[in-house]
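Just below is one structure, and these are the notes that go with it.
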Amino acid sequence: DVSGVPELAAAPAFHPASGELSAGAAQTLEALRSALAAAAEAPLSDGRGGGPPWASEQRGGAAAPAAAALARHLGRVATTQVRAVGSWAGNLALAAAHPALPSDVAVLLVGVGASLTVIDRTGLRRGGGGGGLRTVSVSEYRCLGLAPRP
């Protein structure tokens, strides 16, 4: 149970100043979908509508087409029941452990250039404290040997 680890349980949050969306690894696919839908409607830091910088190349309107499209895509992953309990990071870990398994979530996150902050096993052995923390791309995640073993 990871509910006692604040970083893993962190609710998805849109940061208008940086245009980033962050979410703890234990957050469900539905929570991430909802956050993307909300980010699509969020005003930019300069007060214009349009969501985060990655949301749209065309920033004139109030909608952020790409963020809305990302939310729609996540709404098509699995079933409603699975999205309500399955985490986005669990999906990535499963796909990393089983490379033949197609993962719409991984494709989506690679497509937007998402990065992951991970702790490796050496950081855990050193007692955490920031040791072993790395920021990696979704594509790199599998290559680091951080994914759970089947």
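Restricting attention to segment 6-30, the residues that are open to solvent by 30 Å² or more (accessible area, probe 1.4 Å) and either part of a helix (DSSP H, G or I) or over 18 Å from VAL85 (Cβ atoms) (or both) total 14. Between a residue in segment 100-129 that is under 30 Å from ALA66 (Cβ atoms) and any residue that is among the aromatic types (Phe, Trp, Tyr) and at pLDDT 65 or above, which pairs come within a Cβ distance under 6 Å, given they are 6 or more apart or on different chains? Once the first residue is under 30 Å from ALA66 (Cβ atoms) and sits in segment 100-129, its partners that are among the aromatic types (Phe, Trp, Tyr) and at pLDDT 65 or above give VAL105/TRP88; LEU116/TYR141. Taking every residue in segment 60-85 that is among the basic types (Lys, Arg) and pairing it with any residue that is part of a loop (DSSP other than H, G, I, E, B) and modelled with pLDDT under 95, at least 6 positions away or on another chain, yields no pair with a Cβ-Cβ distance below 6 Å. Identify all residues within segment 86-109 that are surrounded by fewer than 17 Cβ atoms within 10 Å (Cβ to Cβ) and either modelled with pLDDT of 95 or more or touching a helix residue (DSSP H, G or I) at 6+ places or on another chain (Cβ under 6 Å) (or both); write none if there are none. Result: LEU101, single match.
State all residues of segment 83-122 that are among the polar types (S, T, N, Q) and in contact with a strand residue (DSSP E or B) (Cβ under 8 Å, 6 or more places away or on another chain); if no residue qualifies, say none.
Step one: list which residues in segment 83-122 are among the polar types (S, T, N, Q), which gives 87, 91, 103, 115, 117, 122.
Matches in segment 83-122: SER87, SER115, THR117.
The values are calculated or read from the model by the stated rules, or taken from the named source; none is laboratory data. Not measured: the values here are computed from a predicted model. No Cβ is skipped: glycine too gets one built from the backbone with ideal geometry, and neighbour counts run over all protein chains shown. SASA here: full protein model, heavy atoms, side chains in, ligands and nucleic acids out. Shrake-Rupley method; radii C 1.70, N 1.55, O 1.52, S 1.80 Å.
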